[in-house]
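> Below you will find the structure I want to go over with you.
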Amino acid sequence: MSIFVIGATGTIGSLITQRLADSGAEVKALVRQLGKRVFPAGVTEVVGDLTDVASMRVALSSVRTLFLLNAVTPDEVTQAIITLNLAREAGIERIVYLSVIHADKFTDVPHFTGKHTVERMIESLDIPATILRPAYFMQNELMVQQTIQNYSVYPMPIGSKGVSMIDARDIADVAVAELLRRDRAPSALDRVTLELVGPQALTGASVAKIWSSALGSEIAYGGDDVAAFEKNLASYGPTWLAYDMSLMMAGIQKFGMQANEGTVERLEAIIGHPLRTYEDFVREAIAQV
């Protein structure tokens, strides 16, 4: 029996797949077409589509442990609920699901409320799962790094409440620890929810200062205008996604994005190393240009 990674080709999923393979686990990765991506040695590609029930029944038929990451799409909830139902049908009792922090609080943000719906299914059916609730990924900043360096402005309207951004590598480390813990247990384990955050709460102004220090030149915070943020995203991507992201930014400005006291220490105990800092992430990003 194997660990099946859904979302294996993305930022988080590819890191998880690599780390699981390095641990010696038997890993399967869901793909839509064979041979489109190079996977680590020992990882088996399984062709399927989350909206194709027949292909997913086959894909899940020899799985012991499941990692489920759904991309932000208009049918994300349908994909997740179908997959979890089919996993139950296949008798899978070891699941790690990637949700989002404050999924129950950002109720007007489509992809947050979608993930909260999936969480409610897991809870109401008492599915043996670890629910991971990550905050904003540091790696999201790579999409605006060129803007920061070319125009001397940090354009993400994250406001002043504080966002405990987390490095995707730390998310992957926690996910792998939970997957292996569940996979190696003699029977199904109790359901658990983990909020995933970085070690510091960041504001738009403090992020701009970090980039200024790393680059040796003044970087300004672009301000809290979410309408302008949405308009810019919509100029090169789907309008539904731009609106979703603008609602998320408005929520971040209102509520912030931080976990409860003691969360950082709990996460560091799980992964066995300090959580990566935003300063270190920025220095690495600049060095790789």
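> Could you work out how far apart the two model spin labels at Tyr236 and Arg191 are, taking each label as a point 7 Å from the Cα in the direction of the beta carbon, and quote it in nm?
4.1 nm
> Please name whichever of Leu15, Thr44, Met143 sits farthest to the positive end of the charge dipole of the chain, dipole taken about the Cα centre and charges placed at Cβ: Lys and Arg +1, Asp and Glu -1.
Thr44
> Using R₀ = 22 Å, calculate the FRET efficiency as 1/(1 + (r/R₀)^6) where r is the Cβ-Cβ separation of Arg181 and Arg88; round to 0.05.
0.60
> Oh, and also: Test of understanding: what is the full-extension gain from Thr73 to Arg57, defined as 0.36 nm times their sequence separation minus their Cα-Cα distance?
Values: separation 16, 0.36 × 16 = 5.76 nm, distance 2.16 nm.
Full extension from Thr73 to Arg57 adds 3.6 nm.
> While we're here: Which residues make up the longest stretch of the chain clear of GluC sites (Glu not before Pro) that lie in a DSSP loop with no more than 11 other Cβ atoms within 10 Å, not counting the sites?
Answer from the scan: 1-217.
> Going through the DSSP H helices of the chain, which span 15 Å or more along their own axis at the Cα atoms while scoring at least 0.0 as a mean Kyte-Doolittle hydropathy?
11-22, 76-89, 204-215, 239-255
> Here is a follow-up. Which of rounded, prolate, oblate describes the stretch 134-289, given a ≥ b ≥ c as roots of the alpha-carbon gyration tensor eigenvalues and a/c under 1.5 marking rounded, otherwise prolate only if a/b is larger than b/c?
prolate
> Right, next: Of the cross-linked pairs Lys231/Lys254; Lys115/Lys254; Lys36/Lys115, which ones have a Cα-Cα span greater than 23 Å in the structure shown?
Lys36/Lys115
> Pull out the extension gain between Thr277 and Gln145, defined as 0.36 nm times the separation in residues minus the alpha carbon to alpha carbon distance; nm, one decimal.
Taking Thr277 through Gln145 to full extension adds about 45.8 nm, to one decimal.
> Here's another thing I want to ask about it. Give, as ranges by residue number, the residues of the stretch 255-278 whose backbone N falls under 15 Å from the point 7 Å along Cα→Cβ of Lys105.
It comes to 255-264, nothing else.
> Would you mind calculating the relative contact order of the chain from Cα pairs under 8 angstrom and at least 6 residues apart, reporting the percent as a whole number?
Relative CO of the chain lands at 18 percent.
> Need the C-alpha centroid separation for the stretch 219-281 versus the stretch 106-173, integer Å.
Using only Cα atoms to place each centre, the spacing works out to 6 Å.
Rule-based calculations on the coordinates, nothing more; no lab input. Everything quoted here is computed from the prediction, not taken from an experiment. For neighbour counting, all protein chains shown are included, and Cβ atoms are generated from backbone atoms with ideal geometry for every residue, glycine included.
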